[in-house]
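The values are calculated or read from the model by the stated rules, or taken from the named source; none is laboratory data. Please read all numbers here as calculations on a predicted model, not as lab measurements. Glycine also receives a Cβ, built like all others from the backbone with ideal geometry; neighbour counts cover every protein chain displayed.
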Amino acid sequence: MQTFKEHYAEMIRQVTVAAKAPTEVTPETVNAEGRLDLLPYVNKIVESLMLPGSGIRGVDNLYRLLKLAKAGHSCLLMVEHYSNLDLPEFYYFLGQHGERGEELQKAVIAIAGMKLTVDNPMVAAFASIYPRIIICPSRTITNLDAEKDKDRLLALASINRAAAKALNDAKKRGKIILVYPSGTRYRPWEPDSKRGVREIETYVKGFDYMCFVSKNGVAMRMREDAKDDMLADYMVPDVVRFTVSEPVSCEAFREEVRAAMSEDADKKQAVVDEIMRRLDEMHNAAEQG
């Protein structure tokens, strides 16, 4: 099996040159509008890896969510996360649905961690193609020392305040916010990487409607020995399918989960755990079907 940087070296070079992506995150750059004009570069990569049967199931549910967003409701996509190709694949499949699919492409904004921007200029170039709001994940902040890293913590807090403002603005503009509730890609050798991140409950609390999106098939496979080098992932053609649920009320979902918990339970984590449970249920059903 070839790695991403081995198999697509020339494409990586072309995208890096064309994107001219910044590799620093500031409060002024957290709202990254994306370069959808560069989608054809990545679409060639995705297309070369998709086997027959790949695509989106339940795309009509995305149209229903978009209609709700255009009517003034705040809307979320809660998506399973298996590889760095997840978002490019999702956009690629949306593009196969004509004008309405292109409208969805323009409406979706992903929540993205800083790592995709600051770690590697080639990764930053690919990330810059997609509209996103850049945040500093809580796990990064908790690993810093309150005294030794005081200036860094202040800078990161400023970035997250700007991201929160950008998110609030996007909610009012008919955008659909795409979130990976696990906060990271699933690593089979790290079972906890599939557990939902507690602060995702804040998104559920702050939005009106959401769809769950499960994913089956992985064409860009992580390597345990690669030390999280995204360009070292193996490329393996696969049948990749996204399955989209009907839109559900965030308030009703949250209240239903919280009502079933005991008084001393962590109700925020319980909400996120139920999101992950539903995604896993959808994933298993799609695997069998």
Tell me, please, whether a residue that is touching a residue at least 24 places away in the same chain (Cβ under 8 Å), crowded, with 21+ Cβ neighbours inside 10 Å, in contact with a Lys or Arg (Cβ under 7 Å, 6 or more places away or on another chain) and over 29 Å from VAL248 (Cα atoms) can be found in segment 176-183.
no
Check on THR243, among the polar types (S, T, N, Q), modelled with pLDDT of 95 or more and in contact with a strand residue (DSSP E or B) (Cβ under 9 Å, 6 or more places away or on another chain):
yes
Among the residues of segment 10-19, are any over 30 Å from SER158 (Cβ atoms) and surrounded by fewer than 12 Cβ atoms within 10 Å (Cβ to Cβ)?
yes
Out of everything in segment 144-175 that is more than 27 Å from ASP273 (Cα to Cα) and of a type in the set (Gly, Ala, Ser), what residue ends up being surrounded by the fewest Cβ atoms within 10 Å (Cβ to Cβ)?
ALA146
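Yes/no matrix, rows are residues, columns are (1) of a type in the set (A, V, I, L, M, F, W, C); (2) farther than 21 Å from LEU94 by Cβ:
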{"position": "ALA164", "(1), (2)": "yes, yes"}
{"position": "ILE200", "(1), (2)": "yes, yes"}
{"position": "VAL218", "(1), (2)": "yes, no"}
{"position": "GLU224", "(1), (2)": "no, yes"}
TYR41: passes all of (1) under 19 Å from SER214 (Cβ atoms); (2) modelled with pLDDT under 95; (3) in contact with a helix residue (DSSP H, G or I) (Cβ under 8 Å, 6 or more places away or on another chain) but (1)
Condition check: of a type in the set (Asp, Glu), more than 19 Å from ASP229 (Cβ to Cβ) and under 19 Å from the mean Cα position of the chain (by Cα). Does ASP192 satisfy that?
yes
Take residues that are of a type in the set (A, V, I, L, M) and tell me which of the strands (runs of 3 or more DSSP E) falling wholly in segment 160-277 contain 2 or more.
176-179, 209-216
Give me the residue from segment 61-110 that is part of a helix (DSSP H, G or I), among the small types (Gly, Ala, Ser) and in contact (Cβ under 8 Å) with a residue 60 or more places away in the chain and, out of that set, farthest from VAL272 (Cα to Cα).
ALA107
Quick one: would you say LYS165 is free of Cβ contacts under 8 Å to residues at least 40 places away in the same chain and either within 22 Å of CYS250 (Cβ to Cβ) or more than 16 Å from the chain's Cα centre (by Cα) (or both)?
yes
Has segment 120-133 got any residue that is surrounded by fewer than 19 Cβ atoms within 10 Å (Cβ to Cβ), part of a loop (DSSP other than H, G, I, E, B) and touching a residue at least 40 places away in the same chain (Cβ under 8 Å)?
yes
I'm trying to understand the selection: among the residues of segment 20-60, which are of a type in the set (S, T, N, Q), assigned to a loop (DSSP other than H, G, I, E, B) and crowded, with 16+ Cβ neighbours inside 10 Å?
SER54
